[in-house]
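Would you mind keeping the following structure in view while I ask a few things?
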Amino acid sequence: MEKWYYRHSNFQNWCTAENSDAFTYIGCHYVDLVAFVTGLKPVAVSVYGIKDRYPNGNEGYLYTDARVIWENGACLNVQNSLSFPDAAPGTNTQGITMYFAGAGPDGAPRGGWLEHSDQYRGLKYSYIQEPSSPGATMFTEPSTDYFQYVDLGGPA
């Protein structure tokens with residue numbers, strides 16, 4: 001969900017009902033992300049849009065609800081809008097939650113989980129199988145405050 005003030009930006013001139021919609025602009029990144037994480041390709045996409053007016057009177061699909069079906073039968077639901085309150089914390093409310101299925105070390109079916117919040121720059125996940133490294137746990141919530149950035153060179 002993008003901030004309400006985007007309605008006052010250049011969006012009102014190009015992200016109009018006849019040209020685009022909130023899913024095409026925002027949701028496409030989540031389709032790319034799921035493809036990157038899973039290696040899967042989408043096979044079907046459907047989008048429902050709700051029209052609203054920009055301050056200049058142009059009409060656009062400012063609220064969308066999309067369903068993406070993947071080659072393994074999985075489903076990604078994506079909701080987008082230009083409706084996040086300007087007074088709310090952060091620049092937007094974006095993130096992704098993914099649920100996985102797999103087998104544990106005993107062959108029994110188990111679920112996994114990954115959740116990311118752009119607003120808080122956080123990540124949480126739970127493995128399907130317990131990692132073999134000492135002290136590792138099934139659930140992890142790493143802090144982005146402790147990431148180590150590596151200088152790969154280039155112009156300063």
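It is to be established whether one or more residues within segment 98-112 are modelled with pLDDT under 90, among the acidic types (Asp, Glu), surrounded by 12 or more Cβ atoms within 10 Å (Cβ to Cβ) and in the same structural domain as PRO142 (by TED's automatic domain parsing).
Residues of segment 98-112 modelled with pLDDT under 90: 98-112.
Pick out the ones that are also among the acidic types (Asp, Glu) and you get 106.
Subsequent filtering for residues that are surrounded by 12 or more Cβ atoms within 10 Å (Cβ to Cβ) retains none.
No.
Same structure, new question: Quick one: in segment 78-96, of everything that is modelled with pLDDT under 85 and of a type in the set (Val, Ile, Thr), which residue is nearest to ALA22 (Cα to Cα)?
At the first step, the residues of segment 78-96 found to be modelled with pLDDT under 85 are 84-96.
Among the residues that remain, those that are also of a type in the set (Val, Ile, Thr) are: 91, 93, 96.
Details: THR91: 16, THR93: 14, ILE96: 16 Å.
Only one residue tops the list, namely THR93.
Then there is this: Just wondering, is there one or more residues in segment 68-81 that are outside the structural domain of MET138 (by TED's automatic domain parsing), part of a strand (DSSP E or B) and loosely packed, with under 12 Cβ neighbours inside 10 Å?
Yes, that holds for at least one residue.
Looking only at segment 46-98, which residues are basic (Lys, Arg) and either more than 19 Å from the chain's Cα centre (by Cα) or on the phi > 0 side of the Ramachandran plot (or both)? Break it down stepwise before answering.
If we filter segment 46-98 for residues that are basic (Lys, Arg), which is where we start, we get 51, 53, 67.
Across segment 46-98, the qualifying residues are LYS51, ARG53.
Something else about it: Among the numbered conditions (1) over 30 Å from GLY112 (Cβ atoms); (2) touching a helix residue (DSSP H, G or I) at 6+ places or on another chain (Cβ under 8 Å); (3) part of a strand (DSSP E or B), tell me where ASP52 comes up short.
(2)
For segment 24-63, give me each residue that is touching an Asp or Glu at 6+ places or on another chain (Cβ under 8 Å), among the hydrophobic types (A, V, I, L, M, F, W, C) and surrounded by 17 or more Cβ atoms within 10 Å (Cβ to Cβ).
We begin by selecting, within segment 24-63, every residue touching an Asp or Glu at 6+ places or on another chain (Cβ under 8 Å); these are 26, 40-43, 47-49, 51-53, 59-63.
Now restrict to residues that are among the hydrophobic types (A, V, I, L, M, F, W, C): 26, 40, 43, 47, 62.
ILE26, VAL47, LEU62, listed by residue number.
The values are calculated or read from the model by the stated rules, or taken from the named source; none is laboratory data. Remember, it's a predicted structure, so these values are computed and weren't measured experimentally. Cβ coordinates were reconstructed from backbone atoms using ideal geometry, including for glycine residues, and neighbour counts include every protein chain displayed.
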